[in-house]
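Everything below concerns the one structure shown next.
The values are calculated or read from the model by the stated rules, or taken from the named source; none is laboratory data. Predicted model, so just to flag it, every value in this text is computed and none were measured. Note: ideal-geometry Cβ built from the backbone for every residue, glycine included; neighbour counts use all protein chains shown. Calculation scope for accessible area: heavy atoms of the full protein, side chains included, ligands and nucleic acids excluded. Shrake-Rupley method; radii C 1.70, N 1.55, O 1.52, S 1.80 Å.
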Amino acid sequence: MKTKYIISALLFGSLTLTGCTNLDEELYDVVSMNDYGKTESEIKTIVGGAYSTLRGYGSSTPEGNGVNCYPTCEYVFFLNECASDEACIPTRGSDWYDGGRYLQLQRHTWDANNQCVLAGWRYAFTGVSKVNAIIYQVEQSELNSESKTSVEAELRGLRAYYYYLLLDEFGNVPIVTDFTQKELPANSSRKDVYNFVEKELTEILPHLPQGIQYGRFTQNVAYTLLARLYLNSGVYLGENEPSKENLQKCINACDKVSGFSLQANYKSNFFTENQTSKEIIFAIPYDHKQGTVGNYLASMTYHYNQKFAFDPDGVYQWCGNGISVQPGVYSSYEDGDVRRSESIIIGQQYSAKDGSPVLMDNGEPLDYTEDISDITNAKQNEGARLDKYQWNANDSWERDNDWVLMRYAEVLMMEGEAYYRLGYTQTALGYVNQIRQRAGLPDLTALDDKALDNEWLHEFAFEGIRRTVNIRFGTFFKAWWEKGDDPADHHTEIYPIPDEERSKNPNLKQNPGY
């Protein structure tokens, strides 16, 4: 199944678009209107192109234009992780300064010119635009009405996923569903975007694939996304807490997710061949032999000489010594929590050849420390490193691990939190303790916001959802390492509309506070 969807994605060629917030007549002509795309088998190959957008784009792809690099694992991932209390990218000498964009994320001082913010916007809207183009071509095809409805349900689900990201990160964004639209769109309110995502998901649910179909937007994926939507509804709708109605909707959606279970081995969700996991609800398939790009997070975290710990001869892909674990995260785990050792590398690294200590180029030991003395001028070994996805000595630059977007553990945690917020603490503990038991920890007998937040942090470290959890629990606006309190108006809850996009579309209004 993994290979099938990768191959079909590679067949996607004629539906390449830029952003969908700069609509003009040229976009209409990008869709190939020849004989291809009329039959059911041809439509399947085209739909594969919609899934391929989940990987994002790099400078080596046509969409990157040699300038803008926004694969899922880089700026898009940084936007959520490095603005949270989980990860950071220190400047090390001349490395990783890049105009201060990562320092801005850490300190919550970003502006509308930050390249990570631009990447998040373009990643989502490129996906939306391509889905709209493919829906248009499906509508022009010779498929019967029933087949069109089924195919379009998956496509609308992917579009709803992108709009969920836009809702979460930017709030007030244009809603564009018509590929033939020529006028430049204006912002919709965050509430309208919320309602759009909810309506799309609920409408398509009866027409989505049932059961477990790896890599596809199924009913299980839709219910998981709806649960996310309802649990965060207090944030998205400008309320202090999710309403009791929405918390119950979250629980109902979680109950509808079926066929999955926790993997006995936590790490197996992130193995190279993790498509066999019974826990993964939705993932982005990768296989470098099939030409997939955008999965090189590991190369951006390990020290340059980590290669000697991985391979006896140091024959390993380049490592960039960049993104690190924020100080305090490693020590926040309880002793015996298997998730810490499975997610983080810390301490002295040893040669795979003879067991001797690996040294840095300056002759000092490669000994990763939790503390980082100065985020603007960190030492090369400072900062523990992300180590969640399995590595192999023969890894290529583009890893083959599928990128996990949704796991069953999240469903359990969402349901537990919803019950907790409704006041049913004992019921909530039943869900949370399933997660802890798998981590090798004793059951909790009581639950409060801090304990619940810690479980989110430790279970889902470096999976791209921490910023959202920080905002939901209110910790996002408080001071932490290398960050003061956010402005009193909490406008940092959403990012600014990138200036580069507003210069193309004067109908876009900037978000408040920017």
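So that you can scan it fast, the table gives a plain yes or no per residue for (1) closer than 25 Å to Glu74 by Cα; (2) of a type outside the set (D, E, K, R); (3) at pLDDT 95 or above; (4) under 24 Å from the mean Cα position of the chain (by Cα):
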site	(1), (2), (3), (4)
Ser324	yes, yes, yes, yes
Ser331	no, yes, yes, no
Glu334	no, no, yes, no
Glu342	yes, no, yes, yes
Ser351	no, yes, yes, no
Asp354	no, no, yes, no
Gly363	no, yes, yes, no
Thr369	yes, yes, yes, no
Gln380	yes, yes, yes, no
Given (1) under 23 Å from Asn321 (Cβ atoms); (2) touching a helix residue (DSSP H, G or I) at 6+ places or on another chain (Cβ under 8 Å), where does Gly383 come up short, assuming only one miss?
(2)
In region 72-83, what count of residues is obtained for those that are over 20 Å from Tyr161 (Cβ atoms) and surrounded by fewer than 24 Cβ atoms within 10 Å (Cβ to Cβ)?
0
For the structure I just gave you, tell me whether Asn392 is under 23 Å from Arg92 (Cα atoms) and either out of contact with any helix residue (DSSP H, G or I) (no Cβ under 9 Å at 6 or more places or on another chain) or modelled with pLDDT under 95 (or both).
no
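Conditions (1) of a type in the set (Lys, Arg); (2) part of a loop (DSSP other than H, G, I, E, B); (3) open to solvent by 50 Å² or more (accessible area, probe 1.4 Å), marked per residue:
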residue: Ile281; (1), (2), (3): no, no, no
residue: Gly294; (1), (2), (3): no, yes, no
residue: Ala298; (1), (2), (3): no, no, no
residue: Gln306; (1), (2), (3): no, no, no
residue: Tyr330; (1), (2), (3): no, no, yes
residue: Glu334; (1), (2), (3): no, yes, yes
residue: Arg340; (1), (2), (3): yes, no, no
residue: Lys353; (1), (2), (3): yes, yes, yes
Filtering region 268-279 down to residues that are surrounded by 15 or more Cβ atoms within 10 Å (Cβ to Cβ) and among the charged types (D, E, K, R) yields Glu279
With (1) modelled with pLDDT under 95; (2) more than 25 Å from Pro506 (Cα to Cα) as the list, and Gln210 as the residue in question, which single condition is left unmet?
(1)
Any hit, region 260-271, residues being in contact (Cβ under 8 Å) with a residue 24 or more places away in the chain, among the small types (Gly, Ala, Ser) and out of contact with any Pro (no Cβ under 7 Å at 6 or more places or on another chain)
yes
Might you let me know whether region 244-267 holds any residue that is open to solvent by less than 50 Å² (accessible area, probe 1.4 Å), under 27 Å from Pro71 (Cβ atoms), in a helix (DSSP H, G or I) and at pLDDT 95 or above?
yes
Which condition does Tyr230 not pass, out of (1) touching a Phe, Trp or Tyr at 6+ places or on another chain (Cβ under 9 Å); (2) at pLDDT 95 or above, if it passes all the others?
(1)
Which members of region 201-218 meet the condition of being buried (at least 22 other Cβ atoms within 10 Å of the Cβ) and closer than 22 Å to Leu247 by Cβ?
Leu201
Scanning region 315-328 residue by residue, those open to solvent by 10 Å² or more (accessible area, probe 1.4 Å) and over 24 Å from Asn274 (Cβ atoms) turn out to be Val315, Pro327, Gly328
If the Cβ limit is 9 Å and pairs must be 6+ apart or interchain, which residue in region 325-336 that is in contact (Cβ under 8 Å) with a residue 40 or more places away in the chain and at positive phi pairs with which residue that is hydrophobic (A, V, I, L, M, F, W, C) and not in a loop (DSSP other than H, G, I, E, B)?
Gly328/Trp480
Let me spell it out: the conditions are (1) of a type in the set (Ser, Thr, Tyr); (2) modelled with pLDDT of 95 or more; (3) not in a helix (DSSP H, G or I), and Thr224 meets all of them except one. Which number is the exception?
(3)
Is it the case that region 45-53 has a residue that's modelled with pLDDT under 85 and either farther than 21 Å from Ile135 by Cβ or surrounded by fewer than 24 Cβ atoms within 10 Å (Cβ to Cβ) (or both)?
yes
